[in-house]
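The values are calculated or read from the model by the stated rules, or taken from the named source; none is laboratory data. Values in this document were obtained by computation on a predicted structure and should not be read as measured data. Using ideal geometry, Cβ is built from the backbone for each residue, glycine included, and neighbour counts are taken over all protein chains shown. The protein model used for the area step is the full one, side chains on, heavy atoms only, and it has no ligands, DNA or RNA in it. Shrake-Rupley method; radii C 1.70, N 1.55, O 1.52, S 1.80 Å.
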Amino acid sequence: MAGPTKEELAAAYDRAVPDLVAPGLRVLFVGINPSLWSGWSGYHFGRPSNRLWITLHEAGFTDRRLRPEDTDELLAAGIGITNLVNRATARADELTDDEIRSGLPRLAGTVATWHPRTVAVLGITAYRTAFGRPKAVVGPQPETLGESALWVLPNPSGLNAHYQQPALTAVYAELRGAVR
């Protein structure tokens, strides 16, 4: 897929991306919000080079490296995707803390509707903000979201310099082992 033009990216601001959900989800990954590329393409983690795709494969969630448009294969693997805030921005730091916190009821409703086995929030700062847990750490959380186990994983964005690819894969593989 050819990438968007600057004009197309600018036009993608504030666009929503539909939740990728279905019955029988093993994991519902929760992004912070869609990128402009996702707003333009209509796919979660829409840039093909986003580290989520290689991480899911290396951690054993998928048999091959999927692309953003491989939604049927993602759902067949028991993986869904949603966001805390469903409006596209260039960077997550364009969101306010109140906006992130206000996404929690929508997320809880999505979980209540689809009953994923596990919910994994992708971003420790977003999790701390949304859930009011300032000392939360990456990994399984002591509470649940509805009946779903709750995890926090690092955001796979290339802007997240705290986790290089091997470390990113390792923490996602911990979740993979837990949902096996």
inquiry  = So in region 93-112, with the set limited to residues that are part of a helix (DSSP H, G or I) and in contact with a helix residue (DSSP H, G or I) (Cβ under 7 Å, 6 or more places away or on another chain), which one is nearest to Asn33 (Cα to Cα)?
reply    = Ile100
query = Quick one: in region 44-74, which of the residues that are in a helix (DSSP H, G or I) and of a type in the set (S, T, N, Q) is nearest to Ala170 (Cα to Cα)?
reply = Thr55
query = Pick from region 113-130 the residues that are part of a loop (DSSP other than H, G, I, E, B) and open to solvent by 80 Å² or more (accessible area, probe 1.4 Å): which of them is nearest to Glu174 (Cα to Cα)?
reply = Arg117
query = Are there any pairs, at least 6 apart or on different chains, whose C-beta atoms fall under 8 Å, with the first in region 150-161 and farther than 11 Å from Leu52 by Cα and the second of a type in the set (S, T, N, Q) and modelled with pLDDT of 95 or more, and if so, which?
reply = Leu150/Thr118; Leu150/Gln141; Leu150/Thr144; Trp151/Thr118; Trp151/Gln141; Val152/Gln141
ask   = Which residue, of Asp14, Asp63, is surrounded by fewer than 17 Cβ atoms within 10 Å (Cβ to Cβ) and in contact (Cβ under 8 Å) with a residue 24 or more places away in the chain?
value = Asp14
request  = Those residues that are in a loop (DSSP other than H, G, I, E, B), out of contact with any Asp or Glu (no Cβ under 8 Å at 6 or more places or on another chain) and either within 12 Å of Ala22 (Cβ to Cβ) or open to solvent by less than 10 Å² (accessible area, probe 1.4 Å) (or both), I need them from region 78-90; list them, please.
outcome  = Gly78, Leu84
request  = Within region 23-30, identify whether any single residue is outside any loop (DSSP other than H, G, I, E, B) and either aromatic (Phe, Trp, Tyr) or more than 15 Å from the chain's Cα centre (by Cα) (or both), and answer yes or no.
outcome  = yes
ask   = If a residue has to be assigned to a loop (DSSP other than H, G, I, E, B), closer than 22 Å to Asp97 by Cβ and modelled with pLDDT of 95 or more to count, how many in region 131-180 make the cut?
value = 8
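Here are Leu25, Leu36: which of them is buried (at least 19 other Cβ atoms within 10 Å of the Cβ) and free of Cβ contacts under 8 Å to residues at least 60 places away in the same chain?
Just one listed residue meets the conditions, Leu36.
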ask   = In region 137-173, what residues are open to solvent by 70 Å² or more (accessible area, probe 1.4 Å), over 23 Å from Gly46 (Cα atoms) and over 16 Å from the mean Cα position of the chain (by Cα)?
value = Val137, Pro142, Thr144, Glu147
message = Taking the conditions exactly as written (open to solvent by 70 Å² or more (accessible area, probe 1.4 Å) and under 18 Å from Thr169 (Cα atoms)), does Ser102 satisfy them or not?
response = no
